[in-house]
Amino acid sequence: QEINQKIDQIKGITIKQPSDRNMFGVAKGRNVIVIQMESFQNFLLNLKVDGQAVTPNLNKLLSQSLYFPHVYQQVGPGNTSDAEYMMNTSLFPQAYSATSISEGNRNYPSLPKVLKKQGYNTMTFHADELKFWNRDELYPALGFDHFYEKPVYGDKDNVGLGPSDDVLYSKGLDKLEKSSTPFYSMFISMSSHHPYKIPDAKKGLKLPSQYNQGKIVGDYLEAQHYTDAALGRFIQKLKDKGIWDHSIILFYGDHFGLDQHMFNNQDRALLKNLLGHSYTEADRYNIPFILSIPGVTHGEVNTVTGGQLDFLPTLTNLLGINIENQLVHFGQDLLNTTHNTIGMRYYMPQGSFINSSILFAPTRNFSDGTALDLKTKRAVSHNAMQQYKSDYDQVIALEKLSDAYVMSLPHEIKSSEKP
Ligand code: GP9
């Protein structure tokens, strides 16, 4: 509680009492299904290529969901595993190492542990080997009851690193059907992993010929189109089995899929044409966050600025669980937030952030900074550090506090408890 108060003080916010909070408890007691989508960026939603929707299923879902278009990645070197870690802890990942590798065996206060106290069965699904990203330490440390890794999914229908998203969801569905309720389940998709080469049989878009001259954009769109198709089939099965209506379902991208270094001139031109402006760092880090609460959400759009640390407190608010006295969390509940500064490091220098108007990065000696105006997509030219010093100081203070808190957590996961 003391640390939460310190966090609020640094942010300059006052957390409302549950009874005064927007949407507190509207999903109380429901199953929780979290879908973390590999390399999925926000610009894909509602995007059309030559008249074809890249993500038709997610587009349809938006009309029954609450959608946050201004959300950004906060992962460090642990990429996908950092995104999993943030969803389940609302703590900053480490700046110079994958958190799951350097700090994976600490005893984390976490979402699975909070939900278990409410009677939830907790499980996580990923079609890679558990050892990848040291998840064999991370998952018990986060308190998941069950983790379903590569061998569970067999060796058929591989795409890239392992079994396809269709296999992941279909095996996962079996487990959900057999689970006690309520359950908390997390799915980490993988078929849309770099370099985005998917089998021809899974390609559903007819891309114009100029995509053949690009190095990566066409493959990226095809892979994400498949991700969307597999998700559409999963959503339909959840509905058919009667699980969907009793659940709250979260969708978000884990981290960027495209960055400037991957492009040739044709890729740049293709993206500019698709987006209507040159691809910026803000486009790169912008991921979607979608919440579906069947019967409750009906296509609302919330334009508040958010980051991956904010998913946990937003979810617990909807579940009617007050975490202020039971879980240290560095994110904010996006349904009860007006101002938010999203701290980022590793992919940008320490002290970088995104707020509602700019993306800021300090210069190498931290005496000044560069800023990108999110509206005009142009650099803000003068004294950015001076202008945005309070956001910069806030982000540095929060990251420092989060690191100190993580280092204070005991190493309690013994090797005998490993799966
Ligand atoms: C590996 C998979 C991808 O298991 O989750 O991780 P990434 O390379 O994207 O961090």
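Quick notes on this structure:
- Some residue of the range 68-85 being within 15 Å of the ligand (Cβ to nearest atom) and part of a strand (DSSP E or B): no
- Any hit, the range 226-244, residues being open to solvent by 20 Å² or more (accessible area, probe 1.4 Å), on the phi > 0 side of the Ramachandran plot and not in a helix (DSSP H, G or I): yes
- Leading residue by the ranking (nearest to GLU300 (Cα to Cα)) among those in the range 334-345 that are in contact with a helix residue (DSSP H, G or I) (Cβ under 9 Å, 6 or more places away or on another chain) and surrounded by fewer than 24 Cβ atoms within 10 Å (Cβ to Cβ): LEU335
- Subset of the range 366-387 (residues that are assigned to a loop (DSSP other than H, G, I, E, B) and surrounded by fewer than 17 Cβ atoms within 10 Å (Cβ to Cβ)): PHE366, SER367, ASP368, LYS375, THR376, LYS377, ARG378, SER381, HIS382, ASN383
- Filtered residues of the range 257-291 (kept if in contact (Cβ under 8 Å) with a residue 60 or more places away in the chain, more than 15 Å from LEU221 (Cβ to Cβ) and open to solvent by 30 Å² or more (accessible area, probe 1.4 Å)): HIS277, SER278, GLU281
- Condition met for HIS329 (open to solvent by 20 Å² or more (accessible area, probe 1.4 Å), part of a loop (DSSP other than H, G, I, E, B), more than 21 Å from ASP259 (Cα to Cα) and not acidic (Asp, Glu)): no
- Taking each residue of the range 54-81 that is over 18 Å from MET348 (Cα atoms) and at pLDDT 95 or above and looking for partners that are of a type outside the set (Ser, Thr, Tyr) and within 16 Å of the ligand (Cβ to nearest atom) with beta-carbon atoms closer than 8 Å, six or more apart or interchain, yields VAL54/GLN224; THR55/GLN224; SER81/ALA98; SER81/TRP133; SER81/ASN134; SER81/ARG135; SER81/LEU138.
- Failed item, numbered, when PRO151 is tested on (1) open to solvent by 70 Å² or more (accessible area, probe 1.4 Å); (2) more than 15 Å from the ligand (Cβ to nearest atom); (3) part of a helix (DSSP H, G or I): (2)
- Filtered by the rule that a residue be within 16 Å of the ligand (Cβ to nearest atom), assigned to a loop (DSSP other than H, G, I, E, B), aliphatic (A, V, I, L, M) and touching a residue at least 40 places away in the same chain (Cβ under 8 Å), the range 171-216 gives MET190, ILE216.
- Count - residues of the range 32-64 that are part of a strand (DSSP E or B) and within 16 Å of the ligand (Cβ to nearest atom): 4
- The range 347-365, subset crowded, with 20+ Cβ neighbours inside 10 Å and within 17 Å of the chain's Cα centre (by Cα), residue nearest to ASN302 (Cα to Cα): ILE354
- Residue in the range 263-278 that is within 19 Å of VAL75 (Cβ to Cβ) and either within 16 Å of the ligand (Cβ to nearest atom) or in contact with a helix residue (DSSP H, G or I) (Cβ under 8 Å, 6 or more places away or on another chain) (or both) present: no
- Output for the range 87-135, where each listed residue is open to solvent by 10 Å² or more (accessible area, probe 1.4 Å), outside any loop (DSSP other than H, G, I, E, B) and more than 12 Å from the ligand (Cβ to nearest atom): SER102, LYS113, LYS116, LYS117, ASN121
The values are calculated or read from the model by the stated rules, or taken from the named source; none is laboratory data. Keep in mind the model is a prediction, meaning the values are calculated, not measured. FYI the Cβ positions are ideal-geometry reconstructions off the backbone, even for glycines, and counts take in every protein chain you see. Just so you know, the surface numbers come from the protein's heavy atoms only, side chains and all, with ligands and any DNA or RNA stripped out. Shrake-Rupley method; radii C 1.70, N 1.55, O 1.52, S 1.80 Å.
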